[in-house]
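A.B. asks: Shown below is the structure under consideration.
The values are calculated or read from the model by the stated rules, or taken from the named source; none is laboratory data. Small disclaimer: the values here were computed from a predicted structure and weren't measured. Reconstructed Cβ throughout: ideal geometry from the backbone, glycine too, with neighbour counts over all protein chains shown.
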Amino acid sequence: MNILVINTGSSSIKYQLFNMDSETALVTGLAEKLGEESSILTHTPAEGGKGKFKVEKDRIADHAQGLSRIVELLIDREYGVIQDKSEIAAVGHRVVHGGEDFQSSTIIDEAVIRAVKDNIPLAPLHNPPNLKGIEVARKIFPDAPQVAVFDTAFHQTLPPKAYLYAVPHGLYWKNRIRRYGFHGTSHAYVSHEAAEFMGKKPEDVNLITIHLGNGASMAAVREGRSVDTSMGLTPLEGLVMGTRSGDIDPALPFFLAKNLNMSLDDIDRLLNKESGVKGLCGMNDMREVEDSAMAGDKKAGTALDVYAYRIKKYIGAYYAALGRVDALVFTAGIGENSPLIRGMCCEGLEELGIELDKGKNEERSKANRDISTADSRVKILVIPTNEEKRIARETKRILMSRT
Ligand code: ADP
């Protein structure tokens, strides 16, 4: 069974075609700069796959043209990996915000589309392009079921004590203001993989999952269900990120408006695009920050301290929330690749039963692995995330449950 996974942004379409009998990606690709003069389509067959690598730099007017071109490449004699689009059994879509309407992935029908539209105020930058992707895929694949996999769904199991802000209650029931959390597809994927890696079922383990990419978030996962997470109503809350501040004193925006005459748009830009690690040291690529800190740049060193200290505080908080923790799970670009950050986050936590094996932490690998000492009561795992594979798995699960 082949499943096409698409993740549609405002001017881009990321895609992967999976053979779900072997759970392997046949091809990965990205159409970007849609609508611009020189759009770029990069089509990369899996290693050892039959198609060839291709980069095109022709104008692609919009998402409809982009997806049509992607399908042409998928079935192309030279670059393709299938003969005909009828070999695609279903399309899985990443949808950022499902609000409180979706606790799980779902087959897309008119009611689902209406609900995703209703949630646009909660994700004004993401849900509209996700809907566009759904609309064009339904036209191009009229016979293939379409499945929506929501970034927020995994966190719908948070209890009210974790998702409510202590603000007047009407803001929740009238205006749906609460903590939702994001990166759910990644937290769900690594939780599942971590349990399997430990030879257990997801419902038998308690985990703290730590997703450190450009955006960053953590989740407390009890017996396979998310019970707390660090992002909130928007992805701004929680950890220090590449360019986002994460947690701040909520009075900071008033201070900036009153004393520095900043507008709401200025403050939005400041906290989302000019803060975080970039705000602290001027760089947001973690490799660059680490190299500069090593070379003696004090601001970069301090940025790393602030970054890792916030994660450590959340580890403590989620340890307390869960009571028993079986493993910390590091994932995404920084979590998978930075021994320095992992080491800083775990430093001094031995009394909590968290003991890092320094040698294993330094080893480079793309595999799921355990980097804790043999005696560590809490395992420390590195599990590369794969949100597309999770979307393909969910799409297959939903298809199978219908037959
Ligand atoms: P996104 O959230 O956009 O998917 P990624 O998960 O790819 O991002 O993570 C990007 C981050 O990972 C960047 O800050 C990058 O510098 C960092 N990163 C990638 N490789 C390394 C490495 N070897 N050491 C430190 N940081 C790394």
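A.B. asks: Looking only at helices (runs of 4 or more DSSP H) that fall completely inside the stretch 260-348, which ones have 1 or more residues that are within 29 Å of LYS161 (Cβ to Cβ)?
C.D. replies: On the way: elements: 264-273, 276-281, 286-294, 298-322, 332-337, 339-346.
Hits in the stretch 260-348: 264-273, 276-281, 298-322, 332-337, 339-346.
A.B. asks: Follow-up. Would you mention how many residues in the stretch 82-124 are part of a helix (DSSP H, G or I) and either at positive phi or in contact (Cβ under 8 Å) with a residue 60 or more places away in the chain (or both)?
C.D. replies: So in the stretch 82-124, the residues part of a helix (DSSP H, G or I) come out as 85-87, 110-118, 120-122.
Then drop every residue that is not either at positive phi or in contact (Cβ under 8 Å) with a residue 60 or more places away in the chain (or both), which leaves 87, 122.
Looking only at that region, the number is 2.
A.B. asks: Being among the small types (Gly, Ala, Ser) and over 15 Å from GLY181 (Cα atoms) is the filter; apply it to the stretch 116-158 and report the residue that is surrounded by the fewest Cβ atoms within 10 Å (Cβ to Cβ). Even if it seems obvious, please write down each step before you answer.
C.D. replies: Start the filter on the stretch 116-158 by keeping residues that are among the small types (Gly, Ala, Ser), which leaves 123, 133, 137, 144, 148, 153.
Filter again for over 15 Å from GLY181 (Cα atoms), leaving 133, 137, 144, 148.
On the way: GLY133: 25, ALA137: 25, ALA144: 19, ALA148: 26.
Looking at residues that are among the small types (Gly, Ala, Ser) and over 15 Å from GLY181 (Cα atoms), I get ALA144.
A.B. asks: Another question, if that's okay. Residues SER372, SER338, SER376: which one is in contact with an Asp or Glu (Cβ under 8 Å, 6 or more places away or on another chain), among the hydroxyl-bearing types (Ser, Thr, Tyr) and more than 23 Å from GLU196 (Cα to Cα)?
C.D. replies: Values: SER372 fails: more than 23 Å from GLU196 (Cα to Cα); SER376 fails: more than 23 Å from GLU196 (Cα to Cα).
So the residue among SER372, SER338, SER376 that is in contact with an Asp or Glu (Cβ under 8 Å, 6 or more places away or on another chain), among the hydroxyl-bearing types (Ser, Thr, Tyr) and more than 23 Å from GLU196 (Cα to Cα) is SER338.
A.B. asks: Among residues belonging to the stretch 174-228 that are polar (S, T, N, Q) and away from the ligand (no atom under 16 Å from the Cβ), point out the one that is modelled with the lowest pLDDT. Lay out the reasoning, then the answer.
C.D. replies: Step one: of the stretch 174-228, the residues polar (S, T, N, Q) are 175, 185-186, 191, 206, 209, 214, 217, 226.
In the following step, the residues that additionally are away from the ligand (no atom under 16 Å from the Cβ) were identified as 175, 191, 206, 226.
Working: ASN175: 94, SER191: 98, ASN206: 98, SER226: 98.
Among those residues, the one meeting the criterion is ASN175.
A.B. asks: Return the pair list, or none, for Cβ contacts closer than 9 Å from residues in the stretch 333-359 that are without any contact (Cβ under 8 Å) to a residue 60 or more places away in the chain to residues that are of a type in the set (Val, Ile, Thr) and near the ligand (Cβ under 8 Å from one of its atoms), at least 6 apart or on different chains.
C.D. replies: As it stands, the answer is GLU336/THR385; ARG342/ILE334, since those pairs meet every condition given.
A.B. asks: LEU352 versus (1) touching a strand residue (DSSP E or B) at 6+ places or on another chain (Cβ under 8 Å); (2) within 16 Å of the ligand (Cβ to nearest atom); (3) closer than 20 Å to ARG310 by Cβ; (4) not β-branched (Val, Ile, Thr): which is the lone unmet condition?
C.D. replies: Condition (2) is where LEU352 drops out.
A.B. asks: So GLY29 ticks every box in (1) without any contact (Cβ under 8 Å) to a residue 60 or more places away in the chain; (2) over 25 Å from SER186 (Cβ atoms) but one. Which box is left unticked?
C.D. replies: Here GLY29 meets the rest and fails (2).
A.B. asks: Another question, if that's okay. I'd like to know if the stretch 221-234 contains one or more residues that are over 24 Å from ASP268 (Cα atoms) and hydrophobic (A, V, I, L, M, F, W, C). Talk me through it step by step, then tell me what you get.
C.D. replies: Initially, the stretch 221-234 is screened for residues over 24 Å from ASP268 (Cα atoms), giving 221-228.
From the residues that got through so far, the ones that are hydrophobic (A, V, I, L, M, F, W, C) too are 221, 227.
Yes, because at least one residue in the stretch 221-234 is over 24 Å from ASP268 (Cα atoms) and hydrophobic (A, V, I, L, M, F, W, C).
A.B. asks: Just one of LEU164, LEU171, LEU212 is in contact with a helix residue (DSSP H, G or I) (Cβ under 8 Å, 6 or more places away or on another chain) and surrounded by fewer than 16 Cβ atoms within 10 Å (Cβ to Cβ); which is it? Steps first, answer last, please.
C.D. replies: Details: LEU171 fails: in contact with a helix residue (DSSP H, G or I) (Cβ under 8 Å, 6 or more places away or on another chain); LEU212 fails: surrounded by fewer than 16 Cβ atoms within 10 Å (Cβ to Cβ).
LEU164 is the lone residue from the list that is in contact with a helix residue (DSSP H, G or I) (Cβ under 8 Å, 6 or more places away or on another chain) and surrounded by fewer than 16 Cβ atoms within 10 Å (Cβ to Cβ).
A.B. asks: Now for a different question. So which of PRO160, PRO202 ends up being more than 19 Å from ILE334 (Cβ to Cβ) and in contact with a Gly (Cβ under 8 Å, 6 or more places away or on another chain)? It would help to see each step written out before you state the result.
C.D. replies: On the way: PRO160 fails: in contact with a Gly (Cβ under 8 Å, 6 or more places away or on another chain).
Of PRO160, PRO202, the one residue that is more than 19 Å from ILE334 (Cβ to Cβ) and in contact with a Gly (Cβ under 8 Å, 6 or more places away or on another chain) is PRO202.
A.B. asks: Right, something else. Taking ILE70 and the conditions (1) surrounded by fewer than 21 Cβ atoms within 10 Å (Cβ to Cβ); (2) modelled with pLDDT of 95 or more, which numbered condition does it fall short on, given that it satisfies the others?
C.D. replies: Single failed check for ILE70: (1).
A.B. asks: Let me ask another. Name the residues in the stretch 267-296 that are surrounded by fewer than 17 Cβ atoms within 10 Å (Cβ to Cβ) and farther than 24 Å from GLY181 by Cα, would you?
C.D. replies: Of everything in the stretch 267-296, those that are surrounded by fewer than 17 Cβ atoms within 10 Å (Cβ to Cβ) and farther than 24 Å from GLY181 by Cα turn out to be GLY282, ARG287, GLU288, ASP291, MET294, ALA295, GLY296.
A.B. asks: If you go through the stretch 337-363, how many residues are touching a helix residue (DSSP H, G or I) at 6+ places or on another chain (Cβ under 8 Å) and farther than 26 Å from ALA317 by Cβ?
C.D. replies: Here the count works out to 1.
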